[in-house]
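Everything on this sheet refers to the single structure shown next.
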Amino acid sequence: MDVLSGILPVAPTPFHEDGRVDEDGMRRVIDCMVDQGVDAICILANYSEQFVLSDDERALLMRLSLEQAAGRVPIIVTISHFSTAIVVRRAKDAEAMGASMLMMMPPYHGAGLFPAPQGIFEHFKAVNDAVSIPIMVQDAPLSGVTLSVELLARLARELENVSYFKIECPFAADKLAALIETAGDHIDGPFDGEEAVTLLADLDAGATGTMTSAMFPEKIKPIVTEHRAGNLDAALGHWQKCLPLINHENRQCGLRAAKVVFKEGGVIGSDYVRHPLKPMSERTRIRLLQLARELDVMALGWGK
């Protein structure tokens, strides 16, 4: 696989109104995302509601997504789990099925149960030693684990397959810049996340791509491509157009935003989220769809 840059969004997991996985809807999600011009697709991530999926459902969604993508774009499979043995098994299964990359958070269970830095290193090392495909480290506040620049740099330098980093913690740009300065020769992909809410600053700091939701990557991608081409005024212009919708998604909607837009556009039949998650308020939905229509996002017309 060539070095990945650009936009690598997270695919939502569609459910029927009764909560069952919508297999045909998942196929349509993959097709819509390919049509959006994404550079890769990440599945089974937090914005895929991975925390409400059974192991059997994970296996089903991984097989279905890889089959539907059919090599059109690389598929990144999230394998995060507290158990090192489980992440190793998930990693091997994903590689065997054709995944191009793995993504994983540090091991944590709640805000207070996580190993010391050496245990975190060994967790990633176990996966590194079990596969031959790239691994993306997800550094997100959700875990409650502080991953120092020194630890991230050690992962990059000492573990051959750990070569991508998704930094979505507070002051992400400063952390990205420090990580690139410390271990840049060992990093193929310094990325940001968090719906691209800090994207312009992160690109200024050296990020080469972003992992957003699937809601409107075709509008966000030009920010990355123009910035990387040195067209900073054009990148700023795209950023200014996208920022209201990015902000509303990040601060008000969360993972429900892509599902609401995909349902509105006929990509999926339901925007159901599994309990204990709750549906989006009507007030928030109205504003979301207004902002999405103003930007003429592709997903709103994809299935109509």
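The values are calculated or read from the model by the stated rules, or taken from the named source; none is laboratory data. This one's a predicted model, so the numbers in the text were calculated from it and none came from an experiment. Cβ coordinates were reconstructed from backbone atoms using ideal geometry, including for glycine residues, and neighbour counts include every protein chain displayed. Just so you know, the surface numbers come from the protein's heavy atoms only, side chains and all, with ligands and any DNA or RNA stripped out. Shrake-Rupley method; radii C 1.70, N 1.55, O 1.52, S 1.80 Å.
Using Cα centres only, tell me the gap between region 45-120 and region 232-287 in whole Å. Here the two parts' Cα centres lie 24 Å apart.
Could you state the orientation-averaged shadow area of the convex hull built on the Cα atoms of region 82-225, in nm² to one decimal?
Numbers: hull surface 34.1 nm².
The number I arrive at for region 82-225 is 8.5 nm².
For region 233-289, relative contact order (Cα pairs under 8 Å, six or more residues apart, normalised by length) works out to 33 percent. For region 8-75, the pair-distance distribution built from all alpha carbon pairs, in bins 10 Å wide starting at 0, is 22, 60, 18, 0 percent. The distance between label points at V52 and H186 comes to 3.9 nm (points 7 Å beyond Cα on the Cα→Cβ vector). What you get for region 106-230, charging only the Cβ of Lys and Arg (+1) and of Asp and Glu (-1), is a dipole of about 160 debye around the Cα centre.
Compute the Cα gyration tensor for region 67-106, then decide on rounded, prolate or oblate, letting a ≥ b ≥ c be the square roots of its eigenvalues: rounded whenever a/c is under 1.5, prolate when a/b is larger than b/c in the other cases, and oblate in all that remain.
Details: a/c = 3.57, a/b = 2.08, b/c = 1.72.
Prolate, because a/c is 1.5 or more and a/b exceeds b/c.
Annotation: amide H of C42 within the under-5 Å range of V10, A11, I76, sequence separation 5 or more or interchain, hydrogens built in the peptide plane. By DSSP, the beta bridges lying fully in the chain are antiparallel in about 10 percent of cases.
Hey, any idea what Rg/Rh is for region 126-165, computing Rh the Kirkwood way over Cα pairs? Checking Rg against Rh, the ratio lands at 0.98. For the chain, the fraction of 1.4 Å probe accessible surface lying on carbon and sulfur atoms is 50 percent. Were the residues from F82 through S281 laid out at 0.36 nm apart, the gain over their Cα-Cα distance would be 68.4 nm. Placing a label point 7 Å from the Cα of K92 along the Cα-to-Cβ direction, the residues of region 131-163 with a backbone N closer than 17 Å are 131-133.
Beyond 18 Å between alpha-carbons counts as too far, so tell me which of K221/K241; K92/K125; K125/K175; K219/K241 fall in that bin. Mind dumping the intermediate values first?
Values: K221/K241 12 Å; K92/K125 14 Å; K125/K175 22 Å; K219/K241 9 Å.
Too far apart for the 18 Å limit: K125/K175.
How high is the FRET efficiency from E67 to E294, r the C-beta distance, R0 35 Å, rounded to 0.05? The partial results should precede the final answer.
Details: r = 36 Å, r/R0 = 1.02.
After rounding, the FRET efficiency stands at 0.45.
For the chain, relative contact order (Cα pairs under 8 Å, six or more residues apart, normalised by length) works out to 19 percent.
Give me the Kirkwood hydrodynamic radius of region 162-258, using the inverse of the mean 1/r over all pairs of distinct Cα atoms, in Å to one decimal. Each step should come with its number before you reach the end.
Working: mean 1/r = 0.0743 Å⁻¹.
Here the Kirkwood hydrodynamic radius works out to 13.5 Å.
Modelled spin-label separation between D2 and E160, with each label point placed 7 Å from Cα along the Cα-to-Cβ direction: 2.4 nm.
Placing unit charges on each Cβ (+1 for Lys and Arg, -1 for Asp and Glu) gives region 202-304 a dipole about its Cα centre, and among N231, S281, G209 the Cα reaching farthest toward its positive end belongs to S281. If R0 is taken as 25 Å, the Cβ-Cβ distance between T146 and N247 corresponds to a FRET efficiency of 0.45. Using alpha carbons only, the radius of gyration of region 1-125 set against its Kirkwood radius gives Rg/Rh = 0.98. Taking the chain as a Gaussian network of alpha-carbon nodes connected by springs under 10 Å, the highest mean-square fluctuation of the residues S65, S281, S48 belongs to S281.
Evaluate the Kirkwood expression for the hydrodynamic radius of the chain, namely the inverse of the mean inverse distance over all pairs of different C-alpha atoms, and round to one decimal in Å. List each step's numbers first, then the result.
Working: mean 1/r = 0.0520 Å⁻¹.
Over the chain, the inverse of the mean reciprocal pair distance is 19.2 Å.
In order along region 283-299, the phi-based Karplus estimate (6.51 cos²θ - 1.76 cosθ + 1.60, θ = phi - 60°) of 3J(HN,Hα) comes to 4, 5, 5, 4, 5, 4, 5, 4, 5, 5, 5, 4, 8, 6, 5, 4, 4 Hz; Gly and Pro are listed as x.
Rounded to the nearest 0.05, what FRET efficiency do A229 and D31 give with R0 = 35 Å and r taken as the Cβ-Cβ distance? Could you check?
Values: r = 28 Å, r/R0 = 0.81.
With R0 = 35 Å, the Cβ-Cβ based efficiency is 0.80.
Less than 19 Å apart at the alpha-carbon level, and either on another chain or at least 8 residues along: which lysines does that give for K278? Answer for K278, where 19 Å is the Cα cut-off: K259, K263, listed by chain and number. Which is the longest stretch in the chain that no exposed loop site breaks, taking sites as GluC sites (Glu not before Pro) with a DSSP loop state and at most 13 other Cβ atoms within 10 Å? The answer is 161-304.
Considering only I79, I223, I120, the Gaussian network model of the chain with Cα springs below 10 Å gives its largest mean-square fluctuation to I120. Between K125 and D24, the simple label model (points 7 Å from Cα in the Cβ direction) yields a spacing of 5.0 nm. Surface exposure of the chain, expressed per residue as accessible area with a 1.4 Å probe, stands at 41 Å².
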